[in-house]
Amino acid sequence: VLDFLPNLKFIATRSTGFDHIDIKECQKRNISVSNVPYYGENTVAEHTFALILALSRKIYQSAERTKKSDISLDGLRGFDLKGRTLGIVGLGHIGQHVARIANGFEMNVIACDQKEDKKLAKSLKLKYVSLEDLLKNSDIISLHVPLNDQTKHLINQQNTDLIKRGAVLINTARGGIIETEALVEALGKGILAGAGLDVLEGERQFKKGVAIPILNMQNVIVTPHMAFYSKEAKMRIMNTTIENIKAFISGNPI
């Protein structure tokens, strides 16, 4: 694509993630790249809890059943969030907001991150642990890391056996962080009781109409990469993108 754009000097992506841009090649060609780093910490965190609550209280199944005039409660028993342990993988802006919401539900919060900030841990009432300990001890695991060489298939067939049996896995980050085969296997074995996914590995094929078996699993809720998609977040995205473009034109790229 870059070969077709010999005069290109600047790329403004309207997203936080930039794994879809060849950054190294842009550096070689002296092409500046700007993203929108902080538009959706509360927006994505709120969607994360929408998925958690939908799974914990079986909202989707109960709503579908009620539409058919069936008000029986068989198979619809949920579980409380209060007192449960939430494991947050990646304690950036979104992960921090997830922790704040979890505190409101009176959950126990543990987190795994490359950098450990003691002051932050105290203010968010959480404890830092290793990824292995997080998988072993979390009732709900929520992923909030970017997709890169270090995080691709961070959840995989080598570590899904460590997951606390009956846990729930939430992914509102990037699909490639989870190895799909490992996820399907963990759900099938009952290691995971459910999964809430706003992103899928192979999303592009899905958008082209290629079938993805995980969509038909009863204990999985999938939304179409829309965790960021609120009125307020879209405005923040547009405003920051405009500022990025203005800054580049003025000679002070952000």
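Numerical summary
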| quantity | calculated |
| --- | --- |
| Cross-link pairs LYS125/LYS231; LYS119/LYS152; LYS152/LYS231; LYS28/LYS246; LYS82/LYS115; LYS119/LYS189 - those with Cα-Cα distance over 32 Å | LYS119/LYS189 |
| Sites GLN158 and MET217 - FRET efficiency at Förster radius 25 Å, r taken between beta-carbons, to 0.05 | 0.70 |
| Within straight-line cross-link reach of LYS68, lysines at Cα separation under 19 Å, skipping those fewer than 8 residues along the same chain | LYS58 |
| Long-range amide H partners of VAL222 with built H, under 5 Å | LEU197 |
| Estimated 222 nm signal from helices in the chain, with DSSP H stretches of n ≥ 4 weighted -39500 (n - 2.57), rounded to 500 | -10500 deg cm²/dmol |
| Two-site label geometry, THR66 and ASP133: point separation in nm, points 7 Å out along Cα→Cβ | 4.1 nm |
| Given charges at beta-carbon only (K, R positive; D, E negative), |dipole| of the chain in Debye | 560 debye |
| Pairwise label distance in nanometres, ASN7 with ILE249, each label 7 Å out on the Cα-Cβ vector | 1.6 nm |
| Protection-proxy order for peptides 235-242, 113-120, 135-142, each taking the mean of Cβ atoms within 10 Å per residue, highest first | 135-142, 235-242, 113-120 |
| Solvent-accessible surface (1.4 angstrom probe) belonging to ARG100, in square angstrom, nearest 10 | 120 Å² |
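The values are calculated or read from the model by the stated rules, or taken from the named source; none is laboratory data. The shown structure was predicted, so the numbers you read here are calculated from the model rather than taken from an experiment. For neighbour counting, all protein chains shown are included, and Cβ atoms are generated from backbone atoms with ideal geometry for every residue, glycine included. All accessible areas refer to the heavy atoms of the entire protein, side chains included, with ligands and DNA or RNA removed. Shrake-Rupley method; radii C 1.70, N 1.55, O 1.52, S 1.80 Å.
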